[in-house]
Every structure is written in structure tokens, then in C-alpha cells.
Amino acid sequence: MSCNVVLFHENGDVYGDGTQDQIQPLAVWKMKELAACGLVILLFDTALCLALWAVLVLLSCSSWGGLPGVWAFGAAKWAVLHVFTSKLTDGKPEGVLRRLVALLCLLSPWTDPHGAPSQPYTGPSPDFSMLLLGPLSSLLACVVWEKGVCGDSKTKKDNIDLDARRLLVRVLKYFKPDTLYLIAAFSFLILGVVCKYETLIFYSDTYIPLYQGNVIDMLGGQNHQTSVGYAIGQLAFVSLGSALFSGMRGGIFMCTLARLNKRLKHLLFHTLLQQEVHFFEENNPGSLSSRLHSDVDRMGRTVALNSNALVRSTVKTVLMFRVMLGLSWELTLLTSIEMPLLAFLQNKYITWSKDLKDQIQECHAQNKDLAFQTISGIHTVRSFRAEKDELRRYNKALDVMCAVKRSTGIYSAVFLLIRRVVSLGIKILMLVLARSLISSGDLTIGSLVSFFLYQKPMSTNLKEIMYCYGETMSTVGVISKVFSYLDRTPKCKKEGELAPERLEGRIVFQNVTFKYPSSPDVEPALKKVSMELKPGKMTALVGPSGGGKTSCVSLLKRLYEPEEGQILLDGQPLHHYNHKYFHQKMALVSQNPVLFSGSLRYNIEYGLNDCTLERVKEAAKKANADHFISELKNKYDTDIGECGVKLSDGQKQSLAIIRALVREPQVIILDEATSKLDVEVQHAVLQEVLTCGRTVLLKTVEKADHIIFIEKGAVVEEGTHKQLMAKEGRYYRLKEELFS
Ligand SMILES: Nc1ncnc2c1ncn2[C@@H]1O[C@H](COP(=O)(O)OP(=O)(O)OP(=O)(O)O)[C@@H](O)[C@H]1O
């Protein structure tokens with residue numbers, strides 16, 4: 001099977017498209033063109049450096065402005081090379097060429113050994129080794145970045161990278177309210193780069209090994225320029241500065257992260273609550289809760305801490321690299337070989353482990369959901385003696401996760417082993433080289449100690465950079481999932497504004513056809529249903545199981561929207577009413593009401609902001625439930641436990657009826673809401689709900705003024721009980737079932 005491939009230019013232009021075989025030569029040609037352009041740019045850069053050197057020699061200059069001079073030359077060279085690259089590529093330079101130009105101009109000033117704090121700066125030296133080292137290190141860094149870190153399947157990865165970048169930038173935008181915190185945190189980083197090393201040393205631990213080396217040389221009598229006391233003082237000063245600044249920076253970042261997490265969770269929870277019911281049928285509570293907690297935490301942590309660690313490690317690495325180059329460029333070159341190798345290995349490891357990490361995340365969400373379902377349904381589990389089955393099911397899910405984690409462990413172990421072998425090999429080579437450098441007098445013991453002291457933190461920093469990159473890339477999936485929820489527009493109709501003071505409560509279904517969104521391919525649950533619920537009357541909606549009664553109630557409560565037709569309340573479509581007003585005026589009491597942990601009063605007032613205790617008491621009296629509440633120790637403040645476990649089923653139903661009555665609704669839907677109450681109380685409640693000319697819809701025929709018989713999603717018969725019994729139709733034939 002051959003699939004179509006599109007080869008993109010970095011600016012989004014299409015180079016060409018076709019099958020894999022057709023596109024292959026085009027990609028090779030593009031690589032060759034890039035390599036040729038890169039070579040020309042390198043030659044041009046060398047020519048510019050030689051020209052500068054020639055000018056310095058002709059003018060007999062030994063210095064031309066110190067370190068600022070090198071940076072000024074770097075900046076001027078950047079502008080010239082930028083124009084040159086644009087001309088070379090007809091104004092459309094590839095990103096890789098732009099990055100190479102930036103490295104050529106900025107890496108040399110950074111790595112110029114004359115800028116190391118231990119040596120006075122004397123200006124650009126006409127030194128051939130430096131002339132070669134600058135372009136070579138730039139080229140190496142560029143290759144490491146493009147091949148090792150970005151990977152070689154650029155055409156496909158560019159789009160992913162672009163997506164990842166966009167997502168990460170979007171996360172960073174959520175930090176906007178914390179700009180002041182961030183400015184404070186990053187100021188510590190930027191200060192260190194901008195300020196002179198010896199005066200304001202930020203990230204002074206970068207220079208600690210250097211001062212340690214100086215102290216060793218002094219103690220060994222090799223360096224008499226400064227006193228030992230001064231050098232130890234310097235060492236203590238930079239160590240203290242380091243501890244102070246890193247502590248403050250870390251603290252501020254943690255604080256910012258906590259604020260970001262809170263904001264994101266609030267926003268996501270708000271968005272989730274706006275979604276239509278179908279969304280919650282598609283996404284189980286366990287995975288939504290997992291997104292809300294673990295994923296948002298992970299997302300904020302990864303982006304905030306990684307960007308902090310990335311900047312910190314990059315600044316440290318560049319500074320350390322510069323000092324190490326000053327100590328011994330030969331040893332530094334050898335150390336640098338380790339980088340591309342490790343970057344390449346890391347890149348491969350990230351690609352392999354990314355899928356596994358996503359799988360682990362998915363398994364976590366599923367296991368959490370499974371445990372939640374079992375624990376919350378423990379009554380059913382126990383009554384069916386299904387503990388062993390549930391345990392088996394959970395164990396099976398754990399096995400799946402264990403298998404994925406095992407694969408991750410194997411990948412990680414192999415990667416670690418190869419990485420250690422590479423590091424060990426390089427270390428042995430370095431020791432051999434260091435021995436010959438010391439014996440030839442090119443390196444002092446103190447410098448070697450300094451160099452080795454730098455090596456460990458240097459490799460730690462590099463590992464941190466690579467880890468941050470890998471961790472950030474593996475979080476992209478999580479970030480995109482969270483954003484997909486945040487961006488989701490609820491499929492609900494826009495809220496209306498109608499909130500009339502008086503409501504009659506006349507409900508009319510006009511040719512309503514409805515299909516559940518989760519079952520789009522099956523028969524509609526309701527087919528062209530037309531019926532009327534008269535105000536002040538009790539209407540019963542009856543019919544065989546699966547006939548469509550609950551579907552009618554769900555549409556009435558606006559949990560779903562009809563596909564065709566409309567439902568009118570006092571002549572107006574339901575969605576024209578204000579949301580809060582509508583649900584206050586149309587109350588539903590179900591057979592198994594959902595209660596929340598908290599007090600009785602909290603559950604009764606649920607969603608009402610201005611409810612007094614008197615109103616609550618009055619509603620309880622109407623529901624014939626005040627006697628049971630007054631017998632409770634804490635009355636209305638009694639805690640009903642998780643989901644009302646401390647109440648009997650009948651008490652739960654009473655509570656749900658009070659909750660409906662306290663809203664003073666005009667329409668009441670009783671979905672077998674009094675089935676668990678005493679007969680006496682049932683009668684009292686039915687009597688009460690009919691007062692004030694309310695419209696009542698129930699699912700039982702007793703006491704109903706009007707009966708609507710619904711079957712297979714259509715109204716089959718309707719009339720009074722007497723009329724329907726006289727007809728001897730479907731209702732008549734099912735009468736025993738209906739009355740049982
Ligand atoms: N959430 C849902 N998703 C998909 N289909 C559903 C859903 N709920 C109900 N149905 C289907 O819609 C049809 C009507 O179901 P409905 O619950 O309205 O019947 P009912 O008359 O209330 O039944 P019962 O008396 O047993 O409660 C049935 O075929 C049912 O399978």
C-alpha cells in the first residue's frame with residue numbers, strides 16, 4: 001500500500017507531493033542543496049574572519065575593544081550573513097540555515113577563551129586554531145540539533161514540532177497573570193548573563209570549580225599572583241551567591257506553578273461543567289477526573305519546571321563550555337563528542353518511549369475508573385457476591401499496565417547501559433590525553449582538576465537539557481488532550497432570556513423526533529411525538545419498557561435537544577427561557593435521587609443562593625417530611641454522608657421532593673418519585689404538588705387526570721383511564737402490568 005507524502009518547505013510552502021518513491025529523490029536533492037548552501041555560508045564566514053584579521057594585522061592592533069568588540073563583530077557578522085543567506089536562497093532561507101548563521105555569529109564570542117574570567121581579554125587573536133574551531137563547533141552544534149535532537153524524518157516531524165511548539169507557547173500564555181513572578185524569577189538568570197562575572201555573579205556555581213582549581217594551584221605553589229585567602233574568599237562568595245539565587249529562583253517558580261495549576265484546573269472544570277450530557281456519556285468520570293488532576297498537574301509542572309531547568313542548564317552549559325575551552329580546548333573537543341552521541345541516543349529513546357508513556361497514562365485513567373466504579377457500587381458488588389470477579393477484572397487491568405511498564409523498564413535499561421558505555425569510553429580517552437598534555441606542560445594539575453570538576457556538572461546539565469526536552473515532548477499528547485477539552489464548544493443551544501413572573505405551565509410536544517447522540521445508527525427513541533400536558537392537571541406517561549417515557553422526560557429537562565420538532569412551554573420553545581429560571585420552574589424528582597455529601601439543608605438549597613431556613617422548613621412541611629427531620633439530632637444541619645448513605649431510601653425520596661418544592665416550580669415531573677414512601681405520605685405529596693395549578697407529569701396511572709400511552713417511541717393512545725379501558729386497545733391489554 002503506498003500513501004501520499006507531501007514535502008514541505010519550513011515556511012509552509014509545498015516542495016512537492018506524491019508517493020514515497022516519487023518524493024524520495026526530491027528529499028535527497030533538497031538535502032544536497034542545503035548542504036551546498038551551508039558550505040558556501042561557512043566559506044563566506046571564514047572569509048569575513050580572515051578579512052577582519054587582515055585589517056587588524058595591517059593596523060597593528062592588539063586589541064579593538066575587548067569583549068564588547070567581539071560581540072559587536074558577532075552582531076555585525078550576523079547581519080551580513082543574514083543578508084548573504086537570503087540572497088543565496090532567493091529570500092527563502094531554510095530554518096536550519098538561519099540557525100547555522102546564528103550559531104556561527106554567537107557561539108564564537110561565547111566560546112572565545114579570552115573571555116574566561118581567569119584571563120584578561122585582549123581582543124580577537126589572529127589564531128588559526130580559533131578560526132577553525134568557531135565554524136567547526138557551530139557546524140557540530142547545528143548537526144547535533146538538526147539530526148540528534150530534531151530527528152531526521154524532518155518532513156513529518158516538522159508538522160509535529162510546529163504543533164508541539166504552538167501548544168507549549170499556549171501553555172506559556174497562561175502564565176500571563178504571573179508576569180511579575182516570572183520577571184522576578186528570570187531576572188536572576190538574565191542578570192548572570194548580562195553582568196560582569198566577578199562583580200555580580202549569578203549562577204556563580206558555574207565558576208566554583210574554576211576557583212577550586214585556582215586554590216589547588218596556589219596551595220601547590222604554581223600560582224602566586226593572588227593570595228590564597230583572597231581565592232578562598234572568592235570561592236566562599238560565589239558559593240553563597242549561588243545558594244541564595246538558586247533558592248530564590250526555585251521558590252518563585254514553585255509559587256508560579258501552584259498559581260498556574262489552580263487557574264488551569266478552574267478553567268477546565270468550568271469548561272467541563274458547560275458540556276452537554278452526551279459528552280459525559282462519551283468520556284467516563286474516571287478519565288475526566290484524571291485529566292483534571294494528574295494531567296493538568298503534569299502539564300503545568302513540565303512546562304514551568306522544564307522551561308526553568310532548560311534556561312538554567314543552557315546558561316550554565318554555555319558558561320561552563322566557555323571556561324572549559326579556556327582550560328583545554330583539546331579535552332573540551334573530546335568531551336563534545338559525547339554530546340551528539342548522547343543526543344542521538346536520547347532522541348531514539350524518546351521516540352520509542354513516547355507511545356509507551358501515552359499507554360501508561362491511558363491505563364492509569366482506566367484503572368482509576370474501574371476502581372471507582374467498583375467502590376462506588378459496593379452494595380451491588382456485595383449483594384451479587386462479585387468481589388472475586390471485580391478483583392479479577394482489576395487484576396487484569398493491572399496486568400496490562402504492568403506489561404507496558406515492563407517494556408518501558410527494558411527500554412530504559414538498554415538506553416542507560418549504552419549511555420554508560422559511551423561515557424566510560426570517552427572518559428578513558430580523556431585520561432590518556434590529559435596525561436600527555438600534563439607531561440608536555442600544556443596543562444597544569446589545577447587546571448585538570450578544574451576541568452574534571454566541570455565535567456560532572458556539565459554532563460548533568462546536558463542530561464537535564466535532554467531530559468527536559470524529552471519530558472516536554474512526551475507531555476505534548478497530554479497538553480493537546482487538555483486543550484481539546486478547553487477548546488470544546490458545548491453542543492447546547494444558546495441560553496434564552498425569558499423569565500416571566502407568571503407561568504401557566506402548559507407543555508406541548510410538537511412532532512418531536514429524537515435520537516440519542518451515542519446511538520446515531522439505531523431507530524429514533526422518539527418518532528414524531530405530539531402531546532400536551534395541561535396546567536393544573538396530572539398527566540401520566542405510561543407504556544412498556546423502552547417505549548420512550550424517560551426520553552420525553554430528558555427532553556423536557558433539556559438534557560438533550562430534539563432532532564426535529566419542538567417542545568413549547570406556554571407557547572415558547574424551551575431554549576428561549578433563561579437556564580436558571582427554567583430549571584427552577586420545571587422540577588424533576590426521580591426514583592433514585594442523586595444527593596451530595598453535606599448537610600440536609602445544603603442538599604435542599606442546592607443551587608439556590610437566597611434560600612432562607614423558613615422556606616426550607618415550609619417545603620419540608622408540604623412534603624410531609626418535617627417530622628422525620630425534627631427527630632434528627634442536628635435537624636437540618638445533619639450530615640447525610642456520601643451520596644446520602646445515612647438516609648433510608650424513603651427519606652432520600654422525601655429529601656428530593658423538598659428540594660423540588662422549595663424552588664416553587666410550576667411543572668413537576670415525578671419519575672416514580674414516591675414509590676418508597678408510605679401510602680399516606682404518597683397521597684399527601686400528590687395532593688400538595690397539584691396545588692397552585694401546577695402541571696404534574698408522572699409515570700403511574702393512579703390519580704392521573706389524563707393518560708398518554710407511549711410505545712416504541714410513538715404516542716399510541718391517550719385519554720382518561722375510563723376512555724382507554726373502554727377502547728380495549730394496547731392500554732387495556734397491558735392494564736395489569738401498568739397497575740402492578
Ligand atoms: N442514554 C442512552 N443512549 C442510547 N440509547 C438510549 C439511552 N437511553 C435510552 N436509550 C434507548 O432509547 C429507547 C427509549 O428508552 P427510554 O429510557 O426512554 O424508555 P422508557 O420507556 O423510559 O423505559 P423504562 O420504562 O424501562 O424506563 C430505548 O430503546 C433505549 O434503549
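Rule-based calculations on the coordinates, nothing more; no lab input. This is a predicted model, so every value here is computed, not measured. Virtual Cβ from ideal backbone geometry, glycine too; neighbours counted across all protein chains shown.
In terms of modelled amide H atoms, which long-range or inter-chain residues lie less than 5 Å from the amide H of Gly565?
Hits under the 5 Å cutoff: Thr513.
I need the Debye-formula profile for region 507-739: one equal scatterer per C-alpha, no solvent, reported as log10 I(q)/I(0) at q = 0.11 1/Å, two decimals.
Ignoring solvent entirely, the Cα scatterers give -0.59.
Taking amide H atoms as placed 1.01 Å from N in the peptide plane, list the residues 5 or more away in sequence, or in a different chain, whose amide H sits under 5 Å from that of Leu526.
Counting only residues 5 or more places away or on other chains, the set is Phe514.
Run the paramagnetic zone check for Val594: 7 angstrom along Cα to Cβ, then residues of region 520-556 with backbone nitrogen under 18 Å.
The answer is 550-556, whose backbone nitrogens lie closer than 18 Å to the label point.
Given the Cα-Cα distance of Met401 and Gln687 and 0.36 nm per residue of separation, how much length would full extension add, in nm?
Separation in residues times 0.36 nm, less the Cα-Cα distance, equals 97.3 nm.
Would you grab the residues whose amide H sits under 5 Å from the one on Val716? Only those 5+ places off in sequence or on another chain, please, with H modelled 1.01 Å from N.
Close amide H contacts, sequence-distant or interchain: Phe709, Ile710, Glu711.
Give the peptides 509-519, 481-491, 700-710 in descending order of average Cβ contacts within 10 Å, highest first.
700-710, 509-519, 481-491
Quick one: grab Rg to one decimal and Dmax as a whole number for region 525-590, Cα atoms only, in Å.
12.2, 34
Which pairs, out of Lys173/Lys580; Lys173/Lys354; Lys32/Lys316; Lys622/Lys699, put more than 30 Å between their alpha-carbon atoms?
Too far apart for the 30 Å limit: Lys173/Lys580; Lys32/Lys316.
To the nearest µm²/s, what D does Stokes-Einstein give for region 507-629 at 25 °C and 0.890 mPa s, using the Kirkwood radius over alpha carbon pairs as Rh?
145 µm²/s
Given 0.36 nm per residue, what is the gain on full extension from Lys87 to Arg382 after removing their alpha carbon distance, in nm?
98.4 nm
Average projected area of the Cα convex hull of region 425-582, in nm²?
19.6 nm²
For region 37-50, in order, what is each residue's ³J(HN,Hα) by Karplus, 6.51 cos²θ - 1.76 cosθ + 1.60 with θ = phi - 60°, in whole Hz (x at glycine and Pro)?
4, x, 5, 4, 5, 4, 5, 5, 5, 4, 4, 5, 5, 5
Mind checking which lysines have their C-alpha under 17 Å from Lys527, skipping anything on the same chain fewer than 8 residues away?
Hits, sequence-local ones excluded: Lys515, Lys549, Lys712.
Show me the ranking of peptides 441-451, 352-362, 320-330 by mean Cβ neighbours inside 10 Å, starting with the highest.
Per-residue Cβ counts within 10 Å, averaged per peptide and sorted highest first, yield 320-330, 441-451, 352-362.
Treating each Cα of region 327-391 as an identical point scatterer and ignoring solvent, apply the Debye formula and state log10 I(q)/I(0) at q = 0.11, 0.16, 0.17 Å⁻¹.
Here the Debye-derived log intensity ratios amount to -0.55, -0.72, -0.75.
How big is the C-alpha Rg of region 634-685 next to the rule-of-thumb value 2.2 N^0.38 Å, as a ratio?
1.20
Return the sequence-ordered ³J(HN,Hα) values of region 605-620 in whole Hz as given by the Karplus equation 6.51 cos²θ - 1.76 cosθ + 1.60 applied to θ = phi - 60°, using x for Gly and Pro.
Once rounded to whole Hz, the list reads 7, 2, x, 9, 8, 10, 9, 8, 5, 4, 4, 5, 5, 4, 5, 5.
Please sort by residue number the chymotrypsin sites (Phe, Trp or Tyr not before Pro) in region 590-659 whose DSSP state is loop and whose Cβ has at most 16 other Cβ atoms within 10 Å.
Passing sites in region 590-659 are Phe596, Tyr606.
Please compute the modelled spin-label separation between Met254 and Tyr581, points set 7 Å along Cα→Cβ, answer in nm with one decimal.
Simple spin-label model gives 5.1 nm for this pair.
Excluding Ser289 itself, what net charge comes from residues whose Cβ is under 9 Å from its Cβ, given Lys and Arg +1 and Asp and Glu -1?
Residues near Ser289 contribute +1 overall.
Rounded, prolate or oblate: which fits region 593-731 when a ≥ b ≥ c are the square roots of the eigenvalues of the alpha-carbon gyration tensor, with rounded for a/c under 1.5 and prolate only if a/b beats b/c?
It is prolate, given that a/c is not under 1.5 and a/b is the larger ratio.
Around Gly571, what is the net charge, scoring Lys/Arg as +1 and Asp/Glu as -1 over all other residues with Cβ under 13 Å from its Cβ?
Its environment carries a net charge of -2.
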